[in-house]
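See structure below.
The values are calculated or read from the model by the stated rules, or taken from the named source; none is laboratory data. The structure presented is a predicted model; accordingly, all values stated were derived computationally and were not measured. Here the Cβ positions follow ideal geometry from the backbone for every residue, glycine too, while neighbour counts run over all protein chains shown.
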Amino acid sequence: MPENENRSRTLLWVVIGGGAFFLFVMAVFTVVYFAVKADHKTEFASGFGDKIAVVDVEGVLIDSKQFIKDLKRYDDDDSVKAIIVRINSPGGGVAASQEMYQAVRRIRDRKKKPIVSSISTVGASGAYYVAVGTNKIFADTGSIVGSIGVIAQWYNYGDLLRWAKLKDITLKAGELKDTGNPARDMTPAERAYMQGIIDDMHGQFIHDVAEGRKMKDDDLKPLASGRVWTGQQALPLKLIDQLGDFQATVDDTAKSVGIKGEPTLVRPEKDKRTLADILFGDISDLIPDRTRMMQSNIGFYYLWR
C-alpha cells in the first residue's frame with residue numbers, strides 16, 4: 001500500500017510539474033508574441049500626420065502580386081505623401097519585372113504623389129527596370145546599377161544520357177514545340193527562334209528604360225549590353241539622378257513634399273507564419289522557395305548573374 005501511495009504521489013508531482021512547465025512555456029510565448037506585435041505596431045502603424053511609405057524590392061523577382069498590392073494601398077492612402085521603392089535585387093522574370101514597372105509607372109503618371117527609388121547594394125536588370133518607372137533614382141556610389149539585357153539558360157544533359165545508354169523520347173506536333181529540349185542540341189532554326197524572342201524582350205527593355213530616363217532608344221542602345229556600373233559611374237551616364245544613401249533619399253523626398261523634420265516612415269507588415277518566426281525572427285531565407293529553385297526552370301529573365 002505505501003508503495004502504491006508513493007507511486008501516486010510521484011505521478012501527481014510529474015503531472016503538476018509538467019503542467020507548470022507547460023504554463024511557463026505558454027507564458028513566455030505570450031509575452032514574446034505580444035512584444036513582437038507591439039514592435040510591429042510601432043514600426044508599421046499608421047501614426048499621425050504626413051508619412052512616407054517604403055516598399056522593398058529584394059531578391060530575385062518572380063511574383064509581382066504583393067508588391068503591386070502594397071503600392072496600391074499606399075497610393076490610395078491620402079496620409080502617405082510619397083513612396084520610396086527600396087531596391088536590393090539582381091532582377092528576375094521578364095513578366096514580373098514589367099508588371100512591377102507598370103505599377104510604379106502608373107503612380108508616377110497620375111502625379112498624385114511622388115514615387116522615388118533608392119538602390120542599395122544592387123539594382124540591376126529587372127530591378128533597374130522597376131527603378132526607371134519612378135520619378136527619381138538614388139544610388140550609393142558603390143551600388144551596382146544597370147545590366148540592361150535578357151538571359152535564358154538551361155543545362156543540356158544529352159551527353160550524359162548517351163553515356164548512361166538512355167534515350168529521350170519526345171512526341172510533338174509542331175516543329176518548334178520542344179525547342180530547348182535539354183536532351184539534345186538545338187537546331188539552327190530553333191536557335192534563331194529563341195534569339196528572336198530574346199531580342200524582342202531586349203527591345204522592350206531598352207524602350208522602357210529610354211522613356212523613363214527621357215532618352216532616345218538609339219542613345220541608350222550602347223549602354224544596353226548587359227553591363228553593370230557603379231552608382232558613381234552611372235550618374236554621368238544618366239542612368240540615375242542623384243548619389244545618396246537611403247537617408248538622403250528620405251530627406252530629399254520629405255523636402256519635396258513639404259514635410260519638415262524627420263518624416264514618419266511606414267512599411268508593409270511582413271506576415272509571421274510560424275512559431276519559430278515569432279520567437280526567433282524571419283527564417284524564410286532558410287526555406288527553399290521558387291526563387292532559389294529558379295535555375296532549374298527554362299525561362300527568360302531580366303537578371304544579372
Exactly one of T134, T170, T141 is hydroxyl-bearing (S, T, Y) and modelled with pLDDT under 95, and that one is T170
Could you tell me whether any residue of the range 106-115 is part of a strand (DSSP E or B) and in the same structural domain as G59 (by TED's automatic domain parsing)?
yes
Expected output for the range 185-214 (first residue touching a residue at least 12 places away in the same chain (Cβ under 8 Å), partner exposed (fewer than 15 other Cβ atoms within 10 Å of the Cβ), Cβ below 6 Å, 6+ apart or cross-chain) is Y193/L176; I206/D217; R213/K238
request  = Kindly check whether there is at least one residue in the range 204-213 that is within 23 Å of L303 (Cβ to Cβ) and either assigned by TED's automatic domain parsing to the domain that holds V85 or part of a loop (DSSP other than H, G, I, E, B) (or both).
outcome  = yes
Subset of the range 150-167, residues assigned to a loop (DSSP other than H, G, I, E, B) and either at positive phi or surrounded by fewer than 13 Cβ atoms within 10 Å (Cβ to Cβ) (or both), comes to Q153, Y155, A164, K165, L166, K167
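Please determine whether any residue of the range 188-210 is farther than 30 Å from R106 by Cα, out of contact with any strand residue (DSSP E or B) (no Cβ under 8 Å at 6 or more places or on another chain), of a type in the set (K, R) and exposed (fewer than 15 other Cβ atoms within 10 Å of the Cβ). If you could, list the steps in order and put the result at the bottom.
Kept after step one, since they are farther than 30 Å from R106 by Cα, are these residues of the range 188-210: 188-195.
Cutting the leftovers down to out of contact with any strand residue (DSSP E or B) (no Cβ under 8 Å at 6 or more places or on another chain) gives us 188-195.
Now drop any that are not of a type in the set (K, R), which leaves 191.
Among the residues that remain, those that are also exposed (fewer than 15 other Cβ atoms within 10 Å of the Cβ) are: 191.
Yes: the range 188-210 contains one or more residues that are farther than 30 Å from R106 by Cα, out of contact with any strand residue (DSSP E or B) (no Cβ under 8 Å at 6 or more places or on another chain), of a type in the set (K, R) and exposed (fewer than 15 other Cβ atoms within 10 Å of the Cβ).
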Of the residues in the range 223-253, those that are part of a helix (DSSP H, G or I) and within 21 Å of the chain's Cα centre (by Cα) come to G231, F246, Q247, T249, V250
